[in-house]
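A.B. asks: First, the structure itself, so that you have it in front of you.
Only the coordinates and a few stated rules stand behind these numbers; no lab work does. The shown structure was predicted, so the numbers you read here are calculated from the model rather than taken from an experiment. Quick reminder, even Gly has a Cβ in these numbers, built from the backbone with ideal geometry, and neighbours come from all protein chains shown.
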Amino acid sequence: MSANVKKLINQGKNIKVFVCPDYETLSCEAAGVIAGVMLSNDFPVLGLATGSSPVGTYRELIRLYEDGILDFSRTTTFNLDEYYPLSPENDQSYHYFMDHNLFHFVNISKPAVHVPDGNAPDMKKASLEYEAMLSERVMHLQLLGIGGNGHIGFNEPAESFAKATHVVDLTQSTIEANARFFASIDDVPKQAISMGVGSIMRAKKILLVANGKAKAQAVKAALEGEITPKVPASALQMHPDVTFVIDEEACALDESLWTAF
Ligand code: GLP
C-alpha cells in the first residue's frame with residue numbers, strides 16, 4: 001500500500017475507498033487487490049471489465065505475471081459484457097480488448113476465458129447460456145468500471161435492477177461516451193449483452209476502479225446516494241465486501257460520512 005493512498009470507510013455501509021493521487025498508483029492498488037484474491041485461491045474465478053479505467057490494472061497484472069508473482073494457469077475469467085452486434089474479431093469488441101490488454105500476455109488457458117457472445121444468432125439464448133455458466137461458479141472477485149451515468153457492465157439506469165445476463169439498449173450518453181473508441185458515433189452498436197446487477201452482486205468481492213473528474217458524480221451517487229436502479233452502481237451499497245479504488249479527481253465524497261481505516 002502506497003503511503004500516499006488515503007483509505008476511507010463508510011461505516012454504515014461497509015464500503016472501503018482507496019483514494020489514490022494518480023492513475024499509476026490506482027492501477028497498482030487495484031492490481032494488488034486482484035493479486036491478493038488470486039494468491040489466496042487455488043482456482044481463482046475473476047469477473048473482468050473493459051473500458052479505459054482498468055487498462056492500467058491489467059498492465060500491472062501482466063507485470064506481476066512477468067515477475068513470477070502471479071500465475072494465471074488455474075484462473076477462470078468471465079467478462080461483464082460485449083457489444084451487440086459485433087464479432088469477436090472486430091477490433092472494437094470487448095473480446096479483442098481483453099486479448100490485447102491481458103489474455104495474450106499471461107498464461108491463462110483459452111477455454112478458461114469467457115466473454116459474452118455479441119454475435120450469436122439468438123441473443124436471448126446466448127444470455128441464458130452465459131448466466132447458466134455464471135451460476136455454476138462463484139466469482140471470487142468482480143472488477144468493475146463505472147459509466148458517467150452510474151452504469152456498471154452495461155446495466156444502464158432503469159426502472160429495476162436486472163437480475164441476470166440480458167440484452168440492453170444503450171443510452172445516448174453511453175453511446176456518446178464510448179464513441180471515442182470507434183471511427184464515428186454511427187459505428188457504436190446500439191445494444192449490448194451484459195451480466196445483470198444480480199449476476200455481479202453474487203461475486204464474493206467487488207472492486208471498482210474510476211479515475212478522472214467525469215466520474216466524480218457517478219462515484220458519489222454510487223457510494224452515498226439513494227439505492228436506486230436509476231444509478232445501477234448504487235446497488236453495490238447492499239454488498240458486504242466492496243472496495244472502490246479511485247483517483248482524487250473521481251473523489252467528491254462528503255467527508256463527514258467517511259472515516260480513515
Ligand atoms: C463501458 C463498459 C463499462 C465501463 C464503462 C466506463 O460502458 N461497458 O464496463 O465501466 O464503459 O468506461 P471507461 O472506463 O472507459 O470510462
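A.B. asks: Run the dipole for segment 38-137 about the Cα centre, Lys and Arg Cβ at +1, Asp and Glu Cβ at -1, nothing else charged, and hand back the magnitude in debye, nearest 20.
C.D. replies: The calculated dipole for segment 38-137 is roughly 100 debye.
A.B. asks: So how long is each side of segment 1-134 along the principal axes, counting just the alpha-carbon atoms, biggest first, in Å?
C.D. replies: Cα spread of segment 1-134 along its principal axes, largest to smallest: 51, 38, 29 Å.
A.B. asks: If you take the alpha carbon radius of gyration of segment 138-220 and divide it by 2.2 N^0.38 Å, what ratio comes out, to two decimals? Kindly include the intermediate steps, with their values, before the conclusion.
C.D. replies: Working: Rg = 13.3 Å, N = 83, 2.2 N^0.38 = 11.8 Å.
My calculation over the Cα atoms of segment 138-220 gives 1.13.
A.B. asks: Dividing the Cα radius of gyration by the Kirkwood radius, what Rg/Rh value follows for the chain?
C.D. replies: My calculation of the ratio gives 0.94.
A.B. asks: What does the charge count near Glu248 come to, summing +1 for each Lys or Arg and -1 for each Asp or Glu among other residues with Cβ under 14 Å from its Cβ?
C.D. replies: -1
A.B. asks: With all distinct Cα pairs included, what does the Kirkwood hydrodynamic radius of segment 52-198 come out to in Å, to one decimal, could you say?
C.D. replies: Across segment 52-198, the inverse of the average 1/r is 16.1 Å.
A.B. asks: Could you calculate the FRET efficiency of Met133 with Glu255 from 1/(1 + (r/R0)^6), where r is the beta carbon distance between them and R0 is 25 Å, rounded to 0.05?
C.D. replies: 0.05
A.B. asks: Which helices count as membrane-span-like in the chain under these terms: full DSSP H, at least 27 Å along the axis by C-alpha, Kyte-Doolittle mean of 0.0 or more?
C.D. replies: Span-like helices, by this rule, are absent here.
A.B. asks: What fraction of the Cα pairs in segment 120-261, stated in percent, has a spacing above 22 angstrom?
C.D. replies: 41 percent
A.B. asks: Here's another thing I want to ask about it. Listed highest first by mean packing, meaning other Cβ atoms within 10 Å per residue, what order do 83-93, 175-185 come in?
C.D. replies: Result, highest mean Cβ count within 10 Å first: 83-93, 175-185.
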